[in-house]
Amino acid sequence: MKLELAGRIKNISSLHVRGNLISPMLIKVSNQSKCLSFDYNAGPRGKLFLYRRLENGALYRIWQSSYSRLDHVAWIPGDVDLPDGAYQLVFEGVLLVARPEYRISISAEIWLDNVKLLPGPCSSSHS
C-alpha cells in the first residue's frame, strides 16, 4: 500500500489525506493465537492506524504508529496480537501538513509492506 501526497497547497489551515486498506472478514477462534506482522514507513508527516471493523460496522483502534520517527528512510517493523471474534482489519494511513500558511510545495508518503498473519502470539519469534 502506498499513500502519497504531492503538489502545491495554498491558503488552508490544515490538510489530512487518508487512505484505507481493508481485509476480507476474518474469524479468529479464541484458542488460536494470531499475530499480524508488517513493515511500514510513515515518514515525518504520516501516521498509520490499524482498526478492527466488526460485522455491525463499529471500528475499534488496535494499533497506531507515532509521529516521532524522523528517519523517513527506515522501514519500521510492527506487530499486533489479534483479538478473538469476526472482523475485518482496516489499515488507515493519514498524511498531515500542519498549517501551510503560505503557498508551499509538499511531498509525503506512507508505505506498508510484508503484511503477514502468523500463528501464535507476537511475543514469539516470527523472524
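Observations
- Report note on the peptides 111-122, 53-64, 83-94: ranked by the mean count of other C-beta atoms within 10 Å, highest first, their order is 83-94, 111-122, 53-64.
- FRET efficiency, residue 74 to residue 123 (Cβ-Cβ, R0 22 Å, nearest 0.05): 0.45
- Potential extension, residue 60-residue 17 segment - 0.36 nm per residue separation minus Cα distance: 13.5 nm
Coordinate-derived values only; no laboratory data. A quick note: this is a predicted structure, and the numbers were derived from the prediction, not measured. Note that we place each Cβ from the backbone using ideal geometry, even for glycine, and neighbour counts take in every protein chain shown.
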